[in-house]
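Please read the structure below before turning to the comments.
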Amino acid sequence: MPASDAKRTAVARTQRGARYGTGTLVKRAGPNGDTWIAKWRDGGRQVQRGLGFVHSKQHPDGRTRAEAEVALGKLREQVAIERADERAAEAKRAAEERRRPLAQVGEALIAAKRAAGRKPSTIEAYSYWLRIHIVDFFGPTPVGEISRNDARAFAAALERKGLAPKSRANALGTLHSLIELAIDEGWMGENPVKRVEKPALAETDPDVHFLETEEVEALLRAVPDDRLGRVERVMYLTAAMTGMRQGELFALRWRDVDWTARRIRVRRNFVRGEFGTPKSKRSSRSVRLASRVATELELLSQESLYKKDDDLVFAHPATGNPIDRSKLLKRFKAALARAEVRAVRFHDLRHTFGTRMAAQGMPMRVLQELMGHRDFKTTLIYADYAPSEREAEWVEEAFRPAAPVTQRDASRLGQPSS
């Protein structure tokens with residue numbers, strides 16, 4: 001190669017940055033003079049550091065190329081040591097995190113769910129399964145040491161306790177969520193609960209339990225004639241004639257009763273001692289206020305000491321606070337017994353509304369909106385109670401016997417006559 005070409009190649013290479021070992025030196029022009037830039041790759045990432053000014057008349061104390069090469073080598077060694085220290089610290093931190101007991105991971109999970117705005121009932125459920133079953137079984141076992149056999153042993157222990165399949169599934173689900181959080185945080189690599197066989201859940205009761213109209217009236221007559229009973233009687237009637245859930249009734253305020261439009265607007269609920277939003281977005285709804293319910297609510301309002309817009313409709317008559325749920329259920333069962341009607345749940349008053357509306361021929365989609373069902377399949381449990389004017393006609397037509405064969409038809413078809 002001619003000398004002139006070699007010189008041009010050397011100049012171009014210097015301008016690009018000459019590669020020395022695994023590092024590269026690059027001259028970068030700047031307003032105050034050229035500077036050395038060192039570049040190299042470390043563990044798959046690119047590192048770039050400045051090495052000061054290039055030796056020149058403007059910067060006589062700057063580094064020559066040879067000096068920059070030496071500085072590059074030392075810098076690479078220093079960064080390599082720093083990176084090794086970082087990796088060691090990270091490994092130590094990960095090992096310490098893997099030694100976290102499940103109880104601590106559970107606290108972190110609950111804090112994350114609360115920060116995400118999950119309902120108080122959901123938070124309480126996580127806390128219950130963690131406190132009563134998971135911590136009781138695993139104790140101080142580090143989260144990183146829980147194996148698939150440990151998860152299976154936990155499932156077996158739940159079964160030995162006599163828990164129902166649904167309860168066992170909930171406990172395993174909570175454990176699964178705890179370990180998923182640990183995985184997300186890098187505290188362990190695989191979720192051992194994924195390979196544990198889940199309990200077979202029993203089929204839901206296909207029968208819808210509800211009260212007949214006469215039974216509802218008998219229940220209302222059997223409610224004690226005291227101050228609390230006065231509130232309970234209107235609550236039972238409202239539940240049966242609106243389909244509202246118990247928590248929605250507990251949270252109902254007078255401002256939610258639209259007397260002009262004759263509607264109740266469901267906007268909140270009261271579950272496990274906490275006010276919150278309804279069960280789902282569709283649960284926020286408006287339900288029709290029948291004349292009888294409107295009259296009873298108006299009378300209750302006139303008698304109540306708590307009738308401001310933000311006061312509870314079905315408040316305890318002495319305190320204005322929500323009625324104690326356990327006490328209400330005991331009195332509800334006692335009233336059913338006095339009325340000598342079937343022992344149903346309070347929730348079955350909601351089913352009473354659903355079955356009565358379906359029996360009147362209300363379209364299922366309309367009933368879904370009134371009851372606040374998120375899934376249309378849930379509403380279809382009432383379809384069996386919907387009437388059909390032509391059902392009997394269809395069955396009769398489908399199984400109507402064929403007309404007898406006449407003598408004339410038989411001779412024409414070559415068949416014996418009937």
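The values are calculated or read from the model by the stated rules, or taken from the named source; none is laboratory data. It should be emphasised that the depicted structure is a prediction, and the values quoted were computed from it without experimental measurement. Note: ideal-geometry Cβ built from the backbone for every residue, glycine included; neighbour counts use all protein chains shown.
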Q | Selection within the range 142-191 - part of a loop (DSSP other than H, G, I, E, B), closer than 17 Å to residue 131 by Cα and polar (S, T, N, Q) | A | none
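Inside the range 340-382, counting only helices (runs of 4 or more DSSP H) that do not spill past its ends, which hold 2 or more residues that are farther than 16 Å from residue 287 by Cβ?
In the range 340-382, 348-359, 376-379 are the helices (runs of 4 or more DSSP H) which contain 2 or more residues that are farther than 16 Å from residue 287 by Cβ.
To keep it simple, each residue is scored yes or no on (1) in contact with a strand residue (DSSP E or B) (Cβ under 7 Å, 6 or more places away or on another chain); (2) closer than 30 Å to residue 207 by Cα.
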residue: 298; (1), (2): no, no
residue: 321; (1), (2): yes, no
residue: 326; (1), (2): no, yes
residue: 334; (1), (2): no, yes
residue: 347; (1), (2): no, yes
Q) Can you tell me how many residues in the range 223-247 are surrounded by fewer than 19 Cβ atoms within 10 Å (Cβ to Cβ) and either outside the structural domain of residue 294 (by TED's automatic domain parsing) or part of a helix (DSSP H, G or I) (or both)? A) 4
Q) Restricting attention to the range 273-309, which residues are polar (S, T, N, Q) and outside any helix (DSSP H, G or I)? A) 277, 280, 284, 286, 304
Q: Out of 270, 250, report the one residue that is touching a strand residue (DSSP E or B) at 6+ places or on another chain (Cβ under 6 Å), of a type in the set (A, V, I, L, M, F, W, C), crowded, with 18+ Cβ neighbours inside 10 Å and assigned to a helix (DSSP H, G or I).
A: 250
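Answer yes if at least one residue in the range 258-267 is among the acidic types (Asp, Glu) and touching a Leu at 6+ places or on another chain (Cβ under 8 Å), and no otherwise.
Going residue by residue through the range 258-267, those that are among the acidic types (Asp, Glu) are 258.
Filter again for touching a Leu at 6+ places or on another chain (Cβ under 8 Å), leaving 258.
For the range 258-267, residues among the acidic types (Asp, Glu) and touching a Leu at 6+ places or on another chain (Cβ under 8 Å): present.
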Q.
Return the pair list, or none, for Cβ contacts closer than 8 Å from residues in the range 331-356 that are over 19 Å from residue 384 (Cβ atoms) and surrounded by 18 or more Cβ atoms within 10 Å (Cβ to Cβ) to residues that are modelled with pLDDT of 95 or more and among the basic types (Lys, Arg), at least 6 apart or on different chains.
A. 339/221
Q) For the subset of the range 56-74 comprising residues that are in contact with a strand residue (DSSP E or B) (Cβ under 6 Å, 6 or more places away or on another chain) and without any contact (Cβ under 8 Å) to a residue 40 or more places away in the chain, which member is farthest from residue 36 (Cα to Cα)? A) 59
Q: Report whether or not residue 44 is assigned by TED's automatic domain parsing to the domain that holds residue 77 and crowded, with 17+ Cβ neighbours inside 10 Å.
A: no
